[in-house]
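The values are calculated or read from the model by the stated rules, or taken from the named source; none is laboratory data. For clarity, every value in this text was computed on a predicted model and none was experimentally measured. Every residue, glycine among them, receives a Cβ derived from its backbone with ideal geometry; neighbour counts consider all protein chains shown.
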Amino acid sequence: MQTIIFETDEPTRQILRSVLTEGDNSVVCVDSMGALEEQIERNSFDICVIDLDQDTRRVIELIAKCQRTNPAFVAVCSTDSDEQKIAVRALECGARGFLEKPVSEQEIRLKLAKVIGERGRLVQSQHLLEDLILDRSDLRLKVAERERFLSNLIDAAPFAILTTDHEGRIVSTNRVAVELNGYAADELLGMPSGLLFETRNTQENAEVARRAVHVRKDGVRRPVFARSRRIVNEIGNHVADLHIVEDLADKARAEEQLIRAEQRSLLGQLAPQIGHEFKSPIQIIMGVADLLQQGVGEGEDREWLDRIIRAAEEMSHLVSQMMELGKPSPAEQTQIDLGPVVRDVLDTLDPIGVSKHLEVDLQISSPIPPSKGTLVKFGRSSKT
């Protein structure tokens, strides 16, 4: 413990020095007010015993200054004056003890023991206060970290989350809610929930789930599924509402895509079986037509047999493609001349009598601008 003594009365100074040097205390004695101020300016002291009679105003100002710098600083004033106002003023400025000269060694010991004990309590209180401040700072950091974690967790949720106060005004929201509603985050805060929800949850501490049509800021209507829960405090007062809103538009599209994928998968499973059932009759037709063609000369009958064989070959190729549906391959886009394709279609329809009931006026400009598409080949012809 560092102690400095400024005492002009020699007997009193000797007693103070003797008492304060006991133990591990370091004691510095000065003989003037200037030297005292210089020592205090350069060094840090725990206890100061100061003669109040030398320069009362400067002494009081010095005590107040040291107290502001170090709240655990303890000053003991000595005086041979019996003026009460000086003593009161010194105590008001932070002096912890007062010695009236002449003073005995026993009185000095009792007074210094009391002052040292009081300083120990001040130091302990200061340490406790510092620990409390550190604990409070740590607690604030932990609370802030926890809040950031929860905020990031809520913001990462795949559905909209909003909270409203007891008056139904929005007080918090997450990223998905901003995207779903089309409003900026600051526009949503304070907005009445009635603009977003058709009905409010009035059941205490209960959860309400419902389907609704949500209208965005731009007027687009989207189907949603909303869950609302009324939040009450420990005494049962309504304090907030929690709303979780799931956008069903994307879910509906995903379900539709899943259904289509299942249908294509089912078609891929059935098509090979259906194709297998058709392939044998087609092969028989082609074989019989080929045999008939061998016994027929040139003429209309042979032309009809050629058409039968060509149509059967096309059907056979189509069946082969059906049997390959279980092994899908990406369609290849190519440049296609539509003129020959149109003529081929008309030639296919003519044998079955379709052209007899229709008047077909075929006008094909030359050349036809090419079109981009997928060319599917059936036997000796091509279709798009």
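When ILE133 is tested against (1) over 19 Å from ASP53 (Cα atoms); (2) modelled with pLDDT of 80 or more; (3) surrounded by 11 or more Cβ atoms within 10 Å (Cβ to Cβ), just one condition goes unmet, and that condition is (3). Filtered by the rule that a residue be under 30 Å from ARG222 (Cα atoms) and either exposed (fewer than 10 other Cβ atoms within 10 Å of the Cβ) or touching a strand residue (DSSP E or B) at 6+ places or on another chain (Cβ under 6 Å) (or both), segment 251-299 gives no residues. Taken together, the criteria exclude LEU129 from residues that are assigned to a helix (DSSP H, G or I) and either aromatic (Phe, Trp, Tyr) or touching a strand residue (DSSP E or B) at 6+ places or on another chain (Cβ under 9 Å) (or both). Pairing residues of segment 269-284 that are free of Cβ contacts under 8 Å to residues at least 60 places away in the same chain with residues that are outside any helix (DSSP H, G or I), at Cβ distances under 6 Å and at least 6 apart in sequence or on separate chains, gives ALA271/LEU325; PRO272/GLY326.
So in segment 25-81, with the set limited to residues that are of a type in the set (D, E, K, R) and under 24 Å from GLU107 (Cβ atoms), which one is surrounded by the fewest Cβ atoms within 10 Å (Cβ to Cβ)? Of everything passing the filter in segment 25-81, ASP31 is surrounded by the fewest Cβ atoms within 10 Å (Cβ to Cβ).
Here's the yes/no breakdown for (1) of a type in the set (S, T, N, Q); (2) at pLDDT 75 or above; (3) under 30 Å from PRO223 (Cα atoms):
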| position | (1), (2), (3) |
| --- | --- |
| ASP301 | no, yes, no |
| GLY326 | no, no, no |
| GLN333 | yes, no, no |
| THR348 | yes, no, no |
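Of all residues assigned to segment 83-99, none qualifies as being in contact (Cβ under 8 Å) with a residue 12 or more places away in the chain and of a type in the set (Asp, Glu).
Going residue by residue through segment 38-52, is there one that turns out to be of a type outside the set (A, V, I, L, M) and in contact with a helix residue (DSSP H, G or I) (Cβ under 6 Å, 6 or more places away or on another chain)? No, segment 38-52 contains no residue that is of a type outside the set (A, V, I, L, M) and in contact with a helix residue (DSSP H, G or I) (Cβ under 6 Å, 6 or more places away or on another chain).
For segment 171-180, state whether one or more residues are at pLDDT below 85 and among the hydroxyl-bearing types (Ser, Thr, Tyr). Within segment 171-180, none of the residues are at pLDDT below 85 and among the hydroxyl-bearing types (Ser, Thr, Tyr). Only one of the numbered conditions (1) touching a residue at least 24 places away in the same chain (Cβ under 8 Å); (2) part of a helix (DSSP H, G or I); (3) within 60 Å of the chain's Cα centre (by Cα) is not met by THR12, and that is (3).
For segment 286-326, which positions are assigned to a helix (DSSP H, G or I), of a type in the set (Gly, Ala, Ser) and without any contact (Cβ under 8 Å) to a residue 12 or more places away in the chain?
Within segment 286-326, just GLY287 meets the criteria.
For segment 18-28, the criterion of a residue being on the phi > 0 side of the Ramachandran plot, assigned to a loop (DSSP other than H, G, I, E, B) and not aromatic (Phe, Trp, Tyr) is satisfied by at least one position. Applying the criterion of being part of a strand (DSSP E or B) and of a type in the set (Gly, Ala, Ser) to the residues of segment 141-198, the residue that is surrounded by the fewest Cβ atoms within 10 Å (Cβ to Cβ) is SER172.
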